[in-house]
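A.B. asks: Just passing along the structure, written as C-alpha cells.
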Amino acid sequence: MTNRAAALATRYRGPLALLAVLVVGWLVAGAVDATTVTILVLALYYSIGGLSFNFLYGSLGIFSLAQPVFVAVGGYTSIYLYNTYGISPWLSLFIAPVIAAIIALPIALVATRIGGGAVLTALVTLIVAEAATPLLIAIKPLGGAIGLYAKSPPNPTFWDMQFANGADFVKILLVINVLLIGFWMWWRHSKYGLFTTAVKDAPEAAASVGVANARIRLSVFLVAAMLAAPAGVVYAQYNLLTSPDLFLGATAMFQFIVVALVGGAARPWGALVGSLIITWLSQEVSNWSGGNAGAAPLTFAVIFVIMALIVPRGISGTWERIVERRRPKVSASLGPIAAGRSAAPGDGPGAAARREADGEGVTSPRITAT
Amino acid sequence: MYFAQLLILGLLAGAVLSLVAIGFTLVIGVGKIANFAHGAFVAGGMYLGYEAYVAWHISPYLTLLPALAFFALVGWAVAEVFEQRGRKVGEVGELLVGLALLLLINGLLEVAFTDNPRSLTGVNIGSLSVTGISIPWTELVAAIFTFAVAGGLHVLVRTSRWGRAMRATAEDPVVAGLQGIRVPIVQRMAVTLSIVVAGLAGVIIAPFTVLTPSAGTTFLISAFAVVVLGGIGSTAGAVLAGLAIGIIDSMAAGYLSSYWTTLAPLLIILGYLLIRPNRVTT
C-alpha cells in the first residue's frame, strides 16, 4: 500500500470499518441457520436500544432508563398505523422517531432539568419506564395488556415488512445499526457534537460563549429517543406483535443498559460489541442449563456485575486502552523528546520505554533504542 | 362505609410503603448512596419468608431473627462494595453496583423460584373486626412493625451518640470527619441498617403480598416516590408520605379503575418533579 492510500485508510477508518461490518454481516445473515438468526435479531435489536442509551449517556452523562419506552413507541406506532390505516412499516421507520420525540419532550424537561447527577436522572427515568406499562394498558385502542397483533395480508409484499425468513430482519437491523453508528461518528465531530461536549464538560464556560445549555441538553435527549424508535418498529414486525411485555417486561427493561455499558459506555461501537457477546453468551448458558427461563437474565446480570466491579470501561473501552498501551509512544525520528511529551500525565519520561522492556514489547526494540 | 374501608386499606398499604422507604431515606441521607438494589432486598426478604415457611414450616415471624443476622452480614458486604467502587469510580460506580445487584438478585430469584407469581397462603393469624370492617392481623402486624421501626430509628437518631454521628455525616461528611467522626464506618452502618430494614420488611409482608422476582423494581420506585415527597433523610416524612401515597392509591383504585393503583403515585411524583425539580438534590 502506498503512503497516500494508508493515510486515507487511517483517516476513513470508521466508515471503512462500518462498510466491512455491513458486508460481512449481510453475507453471514444469508448463510447461518435459524437459531443463529434468532440470536442475531435479538443482538442487533438490543444494540440499537443500547446505542440510543449510550448516545445520551456518552454525550451528556444522562443515565436514562427510559429508552425501552421509546423503543416501545416504535413498535406501537408501526403496528397501529399498519392495522388501522394500512401504512407501511417502512414509512413507520420515519414516523415513529417523530412520535417518540414528541413523547420524550415532557420526560426530557424533567430529566434534563433535575439536579443531582446521574443517580437522580436514573431514578426519574425508571419511574417513566415503570409508568409506561399501566399507561399502555389504560389506552384501549392499543390493545391493553395483550397488545396488538399485526394483521397478516394473504400475500405479504415487500411493503408489509412481514418476511417469513428471519434473515431479512437481520439485514434490516444491520443496516439500521450501521446507519446509526455512522450518524454518531458524524455527530461527534459536527457542530452539535462539539456544543454537546462543551455543555457536558464545562457548562458555565459553554454558556459564556453563547451555547444554549438547556436547549442542547433537551435536543440531545430528543435525538436519543428518536434513535431508539426504529428498533421497536422492526422488532414488532419480526414478532408480528407489540405488547407491554415484549418491550417493557422486567427483563427487557435493563438489557439495553447492560449491553451498552458492557460494550463500552459512550462509544459508538460499544452497544454492538456488547450486544453480540452478551446475547450469544446468554443463549449458550440457556442451552446449557436446559432451557431454564431465568438463565438468560441471570447471565446478563452476572456479566453486568463483573463489569461493574472489574472493567467499568466496558469491552470497547478496555480494548482501546490496551491498544493505547501497545502503541509505540515514540516515533523513530523524534526520539526521546517525543517520548516525554506524548506519555500520559504522571507516567514520566521513559515510561513507554519501560513498558516495552517489561515484556509487553516483543514488538519493537528498535524504536526504544534510538 | 366504602370510604372507611378504602381508607383503612390505604393506611395498611401505606404502612408497607413507609417501611420500605424508611431504609431508603436513611441510605440516601446518611450513606449518600441511592441504592438501586434497595427494593431487591425487600424481594429477597419476601422469598426468604416464603421459603422458610414452605420448606421448614417456620412462621415468617420466627424467621425475622435469623433474617436479621443474614441481612446484617449481606448488608455489611454490600456497603463495603459500595464504598470501594464509590471511592474509585464515583457516583456512577455506585449507580452501576446498585443496578448490578438489582439485576443479580432478580435473576437469582427468577432461577430459583421461576417467574410465576406466588403467595404464602398458609399463614393465618385471624383478623380484627373494627365496626364491621375486617382487617387481617398479618397486615396489622406489618403496620405496627413499621411504626416500631420508624419510632425506634427516630429515637436512635435523635438521642444516641451514634445517631448524632449519623446526623452530622448526613449534613456534611467532610466537617463530620474533621470532628473525629469515623465517616466511612457511619456510612457503612447506615447502608447496612437500611438493607436490614428492607430485608425484614420483605419477610413481614410476605404473608399478604404477591411474590414476584421483579417486585424489587416496584418497591424501589415506590420508595423513591415516598422519599421525594417526604424529604430526604426524614423518617417521620417517610412515614407520612408513605401513608399519604397509600391512601391515594387505594382511593384511586376504589373510585377509578384498578390500573390507577400503579399509575397514580408515579404521575404524582413526575408532576411534582416537573414543578420543583430542585427539591431532590442530595
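Taken together, the values in this text are just the output of simple stated rules run on the coordinates, not laboratory data. These numbers come from a predicted model, not from an experiment. In this analysis, Cβ positions are derived from the backbone assuming ideal geometry, glycine residues included, and neighbour counts consider all displayed protein chains.
A.B. asks: Within 10 Å of each Cβ in peptide B:219-231, how many partner chain Cβ atoms are there on average? Round it to a whole number, please.
C.D. replies: Mean inter-chain Cβ contacts per residue within 10 Å come to 2.
A.B. asks: With the contact rule set at Cα under 8 Å and sequence spacing of 6 or more, what percent relative contact order holds for chain A? Each step should come with its number before you reach the end.
C.D. replies: On the way: 534 pairs, mean separation 94.6, N = 370.
Relative CO of chain A lands at 26 percent.
A.B. asks: Right, next: By how many degrees, 0 to 90 and rounded to 10, does the Cα axis of helix B:60-89 deviate from the longest principal axis of chain B?
C.D. replies: Helix B:60-89 sits at roughly 40 degrees to that axis.
A.B. asks: Using θ = phi - 60° and the Karplus form 6.51 cos²θ - 1.76 cosθ + 1.60, what ³J(HN,Hα) does each residue of region A:243-260 get, whole Hz, x for Gly and Pro?
C.D. replies: Running phi through 6.51 cos²θ - 1.76 cosθ + 1.60 with θ = phi - 60° gives 8, x, 5, 4, 9, 10, x, 4, 7, 5, 4, 9, 5, 4, 5, 4, 4, 5 Hz.
A.B. asks: Looking only at other chains, what is the average number of their beta-carbon atoms within 10 angstrom of each beta-carbon in A:299-306? Walk me through the numbers on the way to the answer.
C.D. replies: Working: counts 1, 4, 12, 5, 2, 8, 9, 1.
Across A:299-306, the average partner-chain Cβ count within 10 Å equals 5.
A.B. asks: If amide hydrogens are placed 1.01 Å from N in the peptide plane, which non-local residues have theirs closer than 5 Å to the one on B:S127?
C.D. replies: B:W137
A.B. asks: Turning to a different aspect of this structure: Would you look at the GNM of chain B, springs on alpha carbons closer than 10 Å, and say which of B:E51, B:E83, B:E94 moves the most?
C.D. replies: With Cα springs under 10 Å in chain B, the top fluctuation among B:E51, B:E83, B:E94 is at B:E51.
A.B. asks: B:F219: net charge of surrounding residues, Cβ under 15 Å, Lys/Arg +1, Asp/Glu -1, itself excluded?
C.D. replies: -2
A.B. asks: Quote the FRET efficiency, to the nearest 0.05, computed for A:L105 versus A:S208 with a Förster distance R0 of 22 Å and r equal to the Cβ-Cβ distance.
C.D. replies: Values: r = 27 Å, r/R0 = 1.25.
The computed FRET efficiency comes out at 0.20.
A.B. asks: Can you bin the protein assembly as shown into rounded, prolate or oblate? Criterion: square roots of the alpha carbon gyration tensor eigenvalues sorted a ≥ b ≥ c, rounded for a/c under 1.5, prolate for a/b above b/c, oblate for the rest.
C.D. replies: Note, shape of the protein assembly as shown comes out oblate.
A.B. asks: Answer rounded, prolate or oblate for region B:25-148, using the Cα gyration tensor with square roots of eigenvalues a ≥ b ≥ c: rounded when a/c is under 1.5, else prolate when a/b is larger than b/c, else oblate.
C.D. replies: prolate
A.B. asks: Please say if chain B is rounded, prolate or oblate, where rounded means a/c under 1.5 for a ≥ b ≥ c the square roots of the C-alpha gyration tensor eigenvalues, and otherwise the choice is prolate for a/b larger than b/c and oblate otherwise? Don't skip to the answer; put the middle values down first.
C.D. replies: Values: a/c = 1.60, a/b = 1.34, b/c = 1.20.
In terms of gyration-tensor shape, prolate.
A.B. asks: Normalised by the number of residues in region B:1-118, what is the relative contact order in percent for Cα pairs under 8 Å and 6+ residues apart?
C.D. replies: 30
A.B. asks: Residue by residue through region B:184-191, which ³J(HN,Hα) values in whole Hz follow from phi under the Karplus form 6.51 cos²θ - 1.76 cosθ + 1.60 (θ = phi - 60°), with glycine and proline marked x?
C.D. replies: These are the phi-based 3J(HN,Hα) values: x, 5, 4, 5, 5, 4, 5, 4 Hz.
A.B. asks: Gap in Å between the Cα centre of region B:36-79 and the Cα centre of region B:194-220?
C.D. replies: 9
A.B. asks: Same structure again: Springs between alpha-carbon pairs under 10 angstrom, Gaussian network model over chain A: which of A:F256, A:F183, A:F158 fluctuates most?
C.D. replies: Largest GNM mean-square fluctuation: A:F158.
A.B. asks: Then there's this: Considering Cα pairs under 8 angstrom that are at least six residues apart, work out the relative contact order of chain B and quote it in whole percent.
C.D. replies: 41 percent.
A.B. asks: Additional query: How high is the FRET efficiency from A:T2 to A:D201, r the C-beta distance, R0 45 Å, rounded to 0.05?
C.D. replies: 0.70
A.B. asks: Okay, next question. For A:R188, what is the net charge nearby, where nearby means another residue's Cβ is under 13 Å from its Cβ and Lys, Arg count +1, Asp, Glu -1?
C.D. replies: Surrounding charge for A:R188 is +3.
A.B. asks: Going by Cα centres, region A:268-286 and region A:77-108 are how many Å apart?
C.D. replies: Using only Cα atoms to place each centre, the spacing works out to 28 Å.
A.B. asks: Net charge near B:I8: determine it from the other residues with C-beta under 14 Å of the C-beta of B:I8, scoring Lys and Arg +1 and Asp and Glu -1.
C.D. replies: Surrounding charge for B:I8 is -2.
A.B. asks: Related question: Size of the dipole of region A:3-312 about the Cα centre, Lys and Arg at +1 and Asp and Glu at -1 on the beta carbon, nothing else charged, in debye to 20?
C.D. replies: On the way: 13 positive and 8 negative charges, 173 e Å.
Dipole about the Cα centre, nearest 20: 820 debye.
A.B. asks: Between A:S289 and A:V175, what FRET efficiency follows from the Cβ-Cβ distance if R0 is 22 Å, with the result rounded to 0.05?
C.D. replies: About 0.05, to the nearest 0.05.
A.B. asks: Right, here's the next one. Pop a pseudo-label 7 angstrom from the Cα along the beta-carbon direction at both B:I185 and A:V21 and give the gap in nm to one decimal.
C.D. replies: Reported label-point gap for B:I185 and A:V21 is 5.1 nm.
A.B. asks: With chain A treated as a Gaussian network of Cα nodes joined by springs under 10 Å, which of A:I139, A:I95, A:I315 yields the largest mean-square fluctuation?
C.D. replies: Greatest mean-square fluctuation among the candidates belongs to A:I139.
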